[in-house]
Every structure is written in C-alpha cells, then in structure tokens.
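The values are calculated or read from the model by the stated rules, or taken from the named source; none is laboratory data. None of the values given here were measured: they were computed from a predicted structure. With ideal geometry, Cβ positions are generated from the backbone for all residues, glycine too; neighbour counts draw on all protein chains shown. Please note that ligands, DNA and RNA were not included when accessible areas were found on the heavy atoms of the full protein model with its side chains. Shrake-Rupley method; radii C 1.70, N 1.55, O 1.52, S 1.80 Å.
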Amino acid sequence: MKPLMVANHAKWPAKDDPIFAIAGKAQEATRKYGSENVINSTLGALMNDEGKLIAFKSVFDTLKNMPNEEIAAYAAIAGMPQYLDAVVEAFFTEHKPDAHIRVVATPGGTGSIKEAVWNYTNEGDEILTSDWFWSPYQTIAEEGGRNIVTYKLFDDEGNYNTEGFKSRFKEIIDRQKRLMAIINTPAHNPTGYSVSDEEWDDILDFLKEEAKDLEKKIIIFVDSAYIDFAGVGDERRAFFEKFSNLPDNILVIAGFSASKGFTMYGLRNGAVVGISSNEEIANEFYASCVHTGRANWSNGNRGAMLTVAEIFNNEELKKSYLEEKNHYKTMLRKRADAFVENAEKCGLELVPYRDGFFISIPCDKPYEASEALTKKNVFVVPLGKGLRFAVCAVAEDKCRKAPALIKEVMDGLK
Ligand SMILES: Cc1ncc(COP(=O)(O)O)c(C=O)c1O
C-alpha cells in the first residue's frame, strides 16, 4: 500500500475495531428488545446488573472534592511523588520485592507497555508473548518497528505451557541476545488465566540459568492491568516477591493500571514500575522512562494521580475504597463461577479461567459463531482463536444462561 501523504512508516490499513463494532450492535439490540432480553458481553469494563458502568464512589468523590486548580494544573513529568509512593503500596501490598524499584507515571497501563517496548527493545527485535494476547501489544510493537512472536499459552492438557515459553524464549535469545517477554498475569486478557507461583518458579529458574550468559539481556514485562480483580485477598500478588535478588541482566518491568482497579478508565492513569537488583540499572530505567514520557505525552493526569495518593494517605478513605473494590471483586467472582459451572454442565469447552474480567471459549469459526449468536441477542467478541465472554459486563443470571446458548450455536456450526 503506497502512502498518499503520510510518511512510509505511518501507513497502516484503516480497520474497524472489531470490539467496538460488535458492541455497537449490542447497544442497538438493547434499544430494540430491552436490556433484559440481551446478553452484551462485549466491553471490557465492570458494569452493574443493569449494564451501567460502575464508577467507584470512593474514587470519584475524592476527585470531585479536589480544588479545581489542583485538577487543572500540570503534573510533574515523572508523576506526582505522592502518587508514585501510593502506586508502590497499592500494587505490591505486602509483597514488595527486595530490589531497587523505580516508578514513572504513564497514561494508563498502555503507556507502561509503550515505555517498556520503546526503551528495552531495538528496532526489528522480536518480542515474545503468548498466542492468546491483547492485540494492542501488536499495535505498539509495530508502531516502533518491532514484531510480536508467540508461544502456545496452553499445552495439550490445558495447563500453562511453561515448556513452550522456555523453548521459544531460548531460540530467540540465543539469536537476538536481548529479549523482552510480555506475561499478562494475573487475570490474563482474554482467557482469565493467572500464572501460578510454582509456574513462576519454573520460569524464573530457567531465566536465571539463561542469565548466566552475561551477554544476554532479559526483560520480563509483567502486565498486571487486572490484578485488582484477581484472587480473594492479595495472594495473587505473592509472586512479586520472587523478583528479589535477580541477576543484574534480568530486569522486570511491571505495568500498573488505574483503569480497572480504580475504575479510572478514561482518566488515563497508570505507571511503569522497574524492578532491578542493580541501582544503576534502576536509575537508568527511570531516566529513560521520564524521557519517553516527555516525548510522547509530556505528563499525566494530575487530578487522577492525586486521587490515588489521597486514598492511600487517608486510612478511612483507603478502607472505604478497599471495601468498595472488594464488593465488586466478589460480584465478579460470582458471575465467573456461574459461567464456568454452567459451561461444565452443558459441556461447553473453556480455556482455563482463574481470575478477572474475561473467559474465553476456543472456537475454529469465531466470526461465524459470534454472528450466529447475535441472532439470539447474545453478543460476544470474536478473536483469532475463539470467543471472548466479558463476565465483567454481564449480570450473574445471564452468565448462568449464556453457556448453553453458546454451546447450541457452536454445535450448529460443526
Ligand atoms: C491486557 C491489558 N493490558 C493493559 C491494559 C491497559 O489498559 P489502560 O491503558 O486502559 O490502563 C488493558 C486494558 O484493557 C489490557 O486489557
């Protein structure tokens, strides 16, 4: 495709976002038939049982109580210092690794991915992730002339494919010498998988072995955008402690997002968190990330940052925020349990779900299946390897009904 006016590197095909396209159809059906007759599982945001976006009261009351000029002013380039401290507390809780940690504010978790990809891979590099993955990884990589390559997320028994990860990782790093792997856990989008602590041990033992070759630079990007909706307490954060005392040539970068955990989706608030045993490497991380921020978005959303800081600096507010978040976490868990139980009952195959907003259904004809389901007023997102059902957006009773409807449609396509 020859560019008309844009520079060569900026020519991309104009494509409709498949998620927003199907979400539009779901909205139309809701208008026509009423929300009680429609199952809209398209959007990746927490909705109440009536399909309305949930916005935490503790968060938005705090934001709206702030003086206008606090919200209006620019933020510090690296992020408001009290926010950066709050991120460390909110993200790691009791599971902070023993390492040099640096935090730089970014617009959402997306900004943290951009920071990591730009600063820790070279043009033309391959970046490794699993075959089920969030498509903006590809968009961010290709924008900078990098390529996403994949390993199979699940083995034939449906377990996390650590062997596949290791062999693909080894093959690339032996050739490329520097490799970033993106691991989206806990509560992976789109499958809901969470890497277990034992699987982390296996991965890290392998990486430590690889790191004995000092020529190799190993970067693990942990995308934890959904961590606030994983597990029951904070046990799904325990793996962070495993990033203590790693060899210098293993750098862990974590993506923090306030989009889901604080329902700040549109406020664009997040952070990139660098974790290294080596202070100089941590400082270098900080300087590079601040530079990238300045070059791309200048600074972040001051009001949103101060809101997170205020919540974590005021015990009473923190308590009400945590209670509110836990209430919705339980609601989400009940919806997911209802879906999984009923999938089992009717024999609908799922990829292993552990936590979070989405459940995936492997399917050879995802586009046909999604289209056929719209005739039953069930709206699910078709992906390359299956269908994505957003339990975050669907009431529990509908999560109970949906598996049988999906199964029926999929059987009809065989
Ligand atoms: C896997 C994954 N990573 C990161 C993000 C970051 O989102 P945001 O930039 O809105 O914080 C999302 C949001 O949908 C996601 O699904």
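The table for this structure:
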| quantity | calculated |
| --- | --- |
| Value of relative contact order over region 1-96, rounded to a whole percent, pairs C-alpha under 8 Å and six or more apart | 13 |
| Aspartates and glutamates with Cα under 13 Å of residue 57, excluding same-chain neighbours fewer than 8 positions away | 323, 324 |
| R0 of 51 Å, Cβ-Cβ distance residue 156-residue 69: FRET efficiency to nearest 0.05 | 0.30 |
| Flagged links, alpha-carbon separation over 30 Å, of 114/334; 242/325; 114/212; 114/398; 25/329 | 114/334; 114/398 |
| Value at 222 nm in deg cm²/dmol, rounded to 500, when DSSP H runs of n ≥ 4 in the chain each add -39,500 (n - 2.57) | -14000 deg cm²/dmol |
| Accessible surface of residue 310 - all protein chains present, 1.4 Å probe, nearest 10 Å² | 90 |
| Gain in span if fully extended, residue 143 to residue 93, counting 0.36 nm per residue against the direct Cα distance | 14.6 nm |
| Gaussian network model of the chain, springs between alpha carbon atoms under 10 Å - residue of 274, 164, 109 with greatest fluctuation | 164 |
| Heavy atoms of residue 401: accessible area, 1.4 Å probe, square angstrom to 10 | 110 |
| For residue 175, solvent-accessible area (1.4 Å; no DNA, RNA or ligand), Å² | 130 |
| Where region 254-324 is the region considered: accessible area per residue in Å², 1.4 Å probe | 40 |
| Residue with peak Gaussian network fluctuation, the chain [Cα springs, cutoff 10 Å], from 245, 184, 314 | 314 |
| FRET efficiency for residue 82 and residue 367, using Cβ-Cβ distance with R0 set to 35 Å, rounded to 0.05 | 0.15 |
| Fraction of beta bridges assigned by DSSP in region 74-315 that are antiparallel (%, nearest 5) | 40 |
| Accessible-area composition of region 1-83, carbon plus sulfur, in percent [1.4 Å probe] | 57 |
| Region 1-66-region 79-131 distance, computed between alpha-carbon centres (Å) | 25 |
| Within a Gaussian network of the chain (alpha carbon springs, distance under 10 Å), most fluctuating of 273, 394, 290 | 290 |
| log₁₀ of I(q)/I(0) at q = 0.11, 0.14 Å⁻¹ - region 74-315, Debye sum with one point per alpha carbon | -0.52, -0.88 |
| Solvent-accessible ranking of 298, 360, largest area first, probe 1.4 Å | 298, 360 |
| Portion, in percent, of the accessible area of region 283-346 that falls on carbon or sulfur, probe 1.4 Å | 46 |
| Å² per residue, accessible surface of region 334-414 at 1.4 Å | 42 |
| Measure of compaction for the chain (Cα Rg per 2.2 N^0.38 Å) | 0.98 |
